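Right, one structure below, let's go through it.
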Protein chains: 2
Amino acid sequence: MDVDTIRRSLEAGGLRCTPQRYAVMAFLMEHSGHPTAAEIFAAVNRVDPRSSRGTTYNNLRDLVQAGLVREVAVEGRAARFDAKGMRHHHFICDRCGNVEDMEWYDLPRPAARSLGKRVFRECELIFRGLCAKCARRQAFR
Amino acid sequence: MDVDTIRRSLEAGGLRCTPQRYAVMAFLMEHSGHPTAAEIFAAVNRVDPRSSRGTTYNNLRDLVQAGLVREVAVEGRAARFDAKGMRHHHFICDRCGNVEDMEWYDLPRPAARSLGKRVFRECELIFRGLCAKCARRQAFR
DNA sequence: TTCCACATTAGATATTATCTAAAATACATG
DNA sequence: CATGTATTTTAGATAATATCTAATGTGGAA
């Protein structure tokens, strides 16, 4: 992934380009999995051990606030993160909690009637079931 | 809410009807908000202080596994719980994390092509934005 | 009434995330 | 290039949320 692409993404979000923040963003753009904060911290520090846990959390928070990264909460597990590239939905495995991408479907803006005084921003579709790996294991029991 | 309705719900899920479990289920059926485990524990013990935190978590886990209760993970906050009554979707406030019900829309089963070897169970729609209270506060800044 | 699989308890522990205050640094500006 | 400053990073402490443990109690079938 091009250095300038990443640097420009950060600037577009109004964020300074520090080595630690760059590393988090680069890792997310280069890995389409959905790593947890702990996984990102480990991966980034494996390459260049100059970041701390706190900074990784800070940067993830900043990237989410800037709209560059999506946070996916998973029941009973650590949150997962995802650079916003192509639009997509998520499949969450009931068994292992892994998050996988699903193709994008356009979703209807909710009717004003059902929205009331709320301010709508977006909606997202979450598919649930067993991921391929867990489905295979399940078959042998 | 009728005692027998709740008792039968538990039995339908293959769960014994203990006072603590009954209290959790009754509270969820009688309150359409989306309380956290801590809130449920506090509310249940206010009425009859015979439950422990661990038991509340155990019972919530059991109720979710039995399909009687839904767990809603919220980014950076405690999970919220919801008795499965009428089908509905959820609106999650970006600012305060509150979960509110939204009317039900039927959703398409994903195409076999995009599902691959995964086993589909359900899909859910999550609306995001500002709840009425937070939208009002936002207007004054 | 008895029995036992299942449930509960208090407290310890694990996991995930945030806070703090001092030190370092990105980068706009001169 | 040098400077100033608001932002960022750091390590460690702390907070918030959830699970585990092992001893004790109990719902409900027979």
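Computed over the alpha-carbon pairs of region A:3-141, the distance histogram in 10 Å steps reads 11, 35, 32, 18, 5, 0 percent, short to long. Summary of the geometry: region B:52-74 and region A:21-93, compared by the centres of their Cα atoms, lie 28 Å apart. Bridges between two residues of region B:86-141, per DSSP, are antiparallel at a rate of about 50%.
The label point for A:Phe120 and the one for B:Phe140, both projected 7 Å from the Cα toward the Cβ, are 2.7 nm apart. Lysine pair count for the protein assembly as shown (Cα-Cα distance under 27 Å; residues 8 or more apart in sequence or on different chains): 6. Of the residues in region B:86-104, those shielded by at least 40 Å² of accessible area once partner protein chains are present, compared with the chain alone at a 1.4 Å probe, are B:Met102, B:Glu103. Applying the criteria of a DSSP loop state and at most 16 other Cβ atoms within 10 Å to the GluC sites (Glu not before Pro) of region B:97-141 yields B:Glu103.
Roughly how many Å² is the accessible area per residue of the protein assembly as shown, as a whole number, for a 1.4 Å probe?
Values: 15910 Å² over 282 residues.
That works out to 56 Å² per residue.
Chain B has one residue whose beta-carbon comes closest to the axis relating it to chain A; that residue and its distance in whole Å are B:Ala73, 2.
Copy-to-copy label distances for A:Arg53, where each label lies 7 Å from Cα along Cα-to-Cβ, are 1.9 nm in order of increasing length.
List the residues of region B:109-134 that lose 50 Å² or more of accessible area once all protein chains are present, compared with their chain alone (1.4 Å probe, heavy atoms only, no ligands or nucleic acids). Flagged in region B:109-134: B:Arg118, B:Val119, B:Arg121, B:Glu124, B:Leu125, B:Ile126, B:Phe127, B:Arg128. Take the accessible area of chain A alone and of chain B alone, subtract that of the pair, and you get about 2900 Å² summed over both chains, using a 1.4 Å probe. Please compute the net charge surrounding A:Arg7, taking Lys and Arg as +1 and Asp and Glu as -1 over other residues with Cβ under 13 Å from its Cβ. Local charge sum for A:Arg7: 0.
Restricting the trypsin sites (Lys or Arg not before Pro) of region A:99-136 to loop positions (DSSP other than H, G, I, E, B) with no more than 14 neighbouring Cβ atoms within 10 Å leaves A:Lys117.
What part of the accessible area of the protein assembly as shown, given as a whole %, is carbon or sulfur when the probe is 1.4 angstrom? Don't skip to the answer; put the middle values down first.
Working: 7990 of 15910 Å².
Heavy-atom surface of the protein assembly as shown belonging to carbon and sulfur, 1.4 Å probe: 50 percent.
Label-point distances for A:Arg137 to the equivalent site in the other copies, using a point 7 angstrom along Cα→C-beta, read 4.1 nm when ranked shortest first.
Coupling constants for region A:73-82 follow from the phi torsions by the Karplus curve (6.51 cos²θ - 1.76 cosθ + 1.60, θ = phi - 60°), and in residue order they are 7, 10, 3, x, 9, 5, 5, 10, 10, 7 Hz; glycine and proline get x. Spin-label model, B:His31 to A:Glu75: label points 7 Å out along the Cα-to-beta-carbon direction sit 1.9 nm apart.
Considering only beta bridges that DSSP places wholly inside chain B, some 70 percent are antiparallel.
The values are calculated or read from the model by the stated rules, or taken from the named source; none is laboratory data. None of the values given here were measured: they were computed from a predicted structure. Note: ideal-geometry Cβ built from the backbone for every residue, glycine included; neighbour counts use all protein chains shown. Surface accessibility is based on the protein's heavy atoms, side chains included, excluding ligands, DNA and RNA. Shrake-Rupley method; radii C 1.70, N 1.55, O 1.52, S 1.80 Å.
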